[in-house]
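Derivation of every value follows stated rules applied to the coordinates shown; laboratory data play no part. In this text the structure is predicted, and so the values were computed from the model without any measurement. Positions of Cβ are generated from backbone atoms using ideal geometry, with glycine treated the same way; all protein chains shown enter the neighbour counts.
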Amino acid sequence: MMSWRNVLKILCIGLTLIISINVFLVFYTKRTLQKLIWGSLQKELNLPLSEWNKTVMKRLSHLEVDLQHLKESMKLGMSQQENMDSTVERVKYEEHPVQKASEVKASETKKHKPKEILFPDSQLFRQWGEGLSDVQQKKAENLFRKFGYNVYLSNQLPLNRTIPDTRDSRCLQKTYPTQLPSLGVILIFMNEALSIIERAFTSIINRTPSQLLKEIILVDDFSSNGELKSYLDMKIKLYNQRYPGLLKIIRHTKRKGLAQARNTGSKVATADVIVILDAHVEVNVGWAEPTLARIQEDHTVIVSPVFDNIHFDTFELEKYALAVDGFSWKLWCRYDPLPKDWIDQHDVTAPVKSPSIMGILAANRIFFRDIGSLDGGMLVYGRENVELSLRVWQCGRRIEILPYSRIAHLERHCKPYALNLHLALKRNALRVAEIWMDEYKYMVYLAWNIPLQNPGIDFGDISSRMALRKKLKCKTFDWYLKYVYPNLKPIHNIVGYGRMKNTLDENICLDQEFVLANTPIMYYCHEYSSQNVYYHLTGEFYVGPLIAEADTDDHCLTDPGKGEKPTLEPCSKAAQNRLHIYWDFKPGRAVVNRATKRCLEMKKDTSSIYVPVLQTCTTQVWTIQYTVQNWGSN
Ligand code: UDP
Ligand code: MN
């Protein structure tokens with residue numbers, strides 16, 4: 001009888017032998033396979049031996065990176081799968097606590113009928129998501145909340161997908177000089193999805209003539225998203241093997257906000273012309289040549305392409321009409337109608353003079369630096385575009401939209417990088433007002449409903465920007481309004497503004513009904529601009545957000561002359577039609593209509609809710625939040 005020890009010994013030797021044979025077989029098969037593949041490739045490519053060796057070396061290094069890439073992808077895929085599996089199990093257990101995970105997976109695969117929408121109120125599933133399983137819907141919704149667009153779909157769409165050519169057909173006949181400046185593209189991002197960023201630079205590589213595209217600079221504004229770290233680095237390495245030196249990445253070591261991220265990119269760039277883009281864009285065919293040609297013609301012009309919209313849910317492209325970029329007194333960007341003199345030219349391909357840019361821009365790199373890049377004192381997001389626009393115009397240069405350069409930009413459903421963007425927007429707007437808007441800056445304060453004295457908002461140090469304004473010998477905002485943006489109409493006679501309250505109940509404020517904009521109501525006081533009221537020395541009360549521009553009417557508190565309900569009417573029409581829009585008022589006094597002598601008062605309706613009414617004056621009085629200079633003090 002053999003002892004157990006001997007049995008074990010024999011087993012061990014046997015095992016070692018089997019392993020050795022296997023290892024040998026693996027190596028042998030690999031070498032044979034390599035020989036076979038290399039041999040056939042050599043034949044196919046018909047290369048001489050030295051060429052062949054070089055190619056092989058190159059391919060091998062590619063292969064190495066590819067393998068690394070594959071390994072990373074597998075790791076990522078596996079962890080995603082794990083996440084997904086655990087979600088399946090967790091979700092299903094919660095829904096059917098007595099079912100086992102194995103049963104759940106089996107039943108999951110059997111279901112084929114259309115699934116119900118789990119998030120009927122989510123904007124993601126309004127036009128998309130049919131046929132997705134519960135697990136897929138949950139995954140898509142989670143990604144949507146994290147990024148503000150449909151990452152689930154983006155991850156499935158090809159990186160080099162085609163998009164419709166949205167140019168006017170007349171643009172196609174345009175020709176450009178053969179010698180054009182070199183182009184550097186700056187793509188900034190903060191926690192954007194990897195597939196989105198990759199699609200952006202893939203579109204740039206595929207749709208820009210390679211002899212013009214010198215560099216693509218990615219600026220990571222301190223993202224925390226894992227896939228944007230070493231995985232993205234590796235992808236860049238891979239791209240750079242195909243396009244040597246094309247992609248660069250710079251990473252902020254703390255969050256600096258959009259303006260500084262763009263500045264970081266522009267400092268690193270070396271190309272003649274820089275284009276600054278968001279990470280969620282796809283450039284369209286022929287976008288670059290007209291941009292470069294225009295800047296070659298005049299290196300002091302800042303140009304913007306025309307945007308189309310990539311829908312955040314379906315990723316379909318929506319063609320946008322050509323328009324110019326403007327802004328409101330809150331300095332919100334918006335599209336404005338095309339200027340008359342451009343329309344009269346009857347040339348759809350001619351550049352359009354624009355009062356502002358949306359953010360995305362192209363400029364001569366040196367000119368952009370010399371005019372002061374972007375204001376690095378802007379925090380997080382917003383208004384840096386208006387600051388640049390005022391600077392460019394007031395300092396004697398110009399901004400143009402190029403109708404034949406088109407970029408598709410994804411308008412997100414929400415911005416995941418700040419819970420309350422308003423704080424940054426307001427602060428940045430005041431910075432612009434203080435640096436560039438001279439005596440008109442009060443319009444920005446009014447529009448944001450901020451007190452002119454002691455506003456309590458720290459807009460940072462503006463001394464270096466003021467010095468720049470002086471150095472560049474820039475013109476006034478008054479000049480800008482007259483010659484560049486006459487559509488904005490400053491109002492000079494507003495003497496009281498902010499919330500209007502009746503002393504009967506100081507918790508409620510005069511408000512504009514959300515749906516029926518011509519109906520004034522009393523509502524609990526809140527932060528939104530529907531409760532902004534502007535009293536003019538001439539007697540009008542504007543109610544709602546301050547518009548103050550050429551073609552849109554603010555809403556005037558009106559006594560219709562009969563019935564007890566006041567209305568809100570477009571002011572200029574109301575004035576033309578001789579409606580009763582003029583009131584006598586001082587803080588702490590009654591609000592009396594100058595024509596009808598009726599008072600604006602409030603009373604409880606049948607549901608005991610206060611409503612504004614017009615009636616013979618009793619003793620009711622009103623207050624207004626802020627006054628201008630000494631108005632109403634005596
Ligand atoms: N961004 C950034 N840092 C920030 C905020 C935004 O780098 O603190 C980037 C963001 O990833 C995007 C670009 O700035 O590529 C513009 O932001 P967004 O698209 O949200 O602005 P929008 O186009 O909606 O005006
Ligand atoms: Mn954007």
Flag if Arg369 is basic (Lys, Arg), more than 16 Å from ligand 2 (Cβ to nearest atom) and in contact (Cβ under 8 Å) with a residue 40 or more places away in the chain: yes
By residue number, the members of region 205-247 that are in a loop (DSSP other than H, G, I, E, B), polar (S, T, N, Q), within 26 Å of the chain's Cα centre (by Cα) and away from ligand 1 (no atom under 16 Å from the Cβ) are Thr208
Let me confirm something: among Thr202, Thr178, which residue is among the polar types (S, T, N, Q) and out of contact with any strand residue (DSSP E or B) (no Cβ under 9 Å at 6 or more places or on another chain)? Thr178
Can you name every residue in region 523-545 that is charged (D, E, K, R) and either touching a residue at least 24 places away in the same chain (Cβ under 8 Å) or under 19 Å from Gly588 (Cα atoms) (or both)? Glu540
I need a count of the residues in region 462-513 that are assigned to a loop (DSSP other than H, G, I, E, B) and among the aliphatic types (A, V, I, L, M). 5
Identify all residues within region 179-193 that are under 16 Å from Ile360 (Cα atoms) and away from ligand 2 (no atom under 14 Å from the Cβ); write none if there are none. Leu183, Gly184, Val185
With Ala323, Ala279 as the choices, which residue is away from ligand 2 (no atom under 15 Å from the Cβ) and not aromatic (Phe, Trp, Tyr)? Ala323
Report whether or not Gly396 is of a type in the set (Gly, Ala, Ser) and closer than 19 Å to Ile276 by Cα. no
Tell me the residue from Lys482, Lys473 that is surrounded by fewer than 20 Cβ atoms within 10 Å (Cβ to Cβ) and at positive phi, please. Lys473
Enumerated helices (runs of 4 or more DSSP H) restricted to region 340-410, each holding at least 1 residues that are surrounded by fewer than 20 Cβ atoms within 10 Å (Cβ to Cβ), over 23 Å from the mean Cα position of the chain (by Cα) and more than 16 Å from ligand 1 (Cβ to nearest atom): 340-345, 365-370
Residue that is within 15 Å of ligand 1 (Cβ to nearest atom) and closer than 25 Å to Asn160 by Cα, where the choices are Ala279, Ala259, Ala271: Ala279
On the given criteria, is Leu228 over 20 Å from Glu411 (Cα atoms), aliphatic (A, V, I, L, M) and surrounded by fewer than 20 Cβ atoms within 10 Å (Cβ to Cβ)? no
Looking only at region 469-485, decide whether some residue is more than 30 Å from the chain's Cα centre (by Cα) and within 24 Å of Tyr626 (Cα to Cα). no
Just a yes or no: is a residue in region 461-480 without any contact (Cβ under 8 Å) to a residue 60 or more places away in the chain, among the aromatic types (Phe, Trp, Tyr) and over 20 Å from Ser572 (Cα atoms)? no
